[in-house]
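Please read the structure below before turning to the comments.
Every read-out reported here was derived from the displayed coordinates using simple, explicitly stated rules and does not represent laboratory data. Here the structure is a predicted model, which is why all the values come from computation and not from measurement. A quick note on method: Cβ atoms are made from the backbone with ideal geometry, for glycine too, and the neighbour counts reach across all protein chains shown.
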Amino acid sequence: MYLSNRVLVYGDCGVSPRPTSEELAEIAIVSERTAAAFGIDPDVALLSYSTGAFGRGEEVDRIKKAVEIISKVLPGDEDGRPHSI
């Protein structure tokens, strides 16, 4: 998505219904590398209904595990907390 002050690249998980943590991580990593290939300084984010540490359940656990996988492959300033863009 081209905005007046930046470009956003999205990896749509809707292609894979109920992706595993590993699939979510792969989508995020490939999206990061695609953005970088186009000269975009990438920030990776996963969307969840959960707010911070308050969410519980299978969906939240899948996201948390995906974040752990991503942080091993793409070390950086990841902190697992929600941020606004």
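How long is the gain from residue 72 to residue 38 if the chain were fully straight, where each residue apart is worth 0.36 nm and the alpha carbon distance is subtracted?
My answer for the length gained is 9.9 nm.
Ranked highest first by the average count of other Cβ atoms within 10 Å around their residues, in what order do 27-33, 5-11, 41-47 fall?
27-33, 41-47, 5-11
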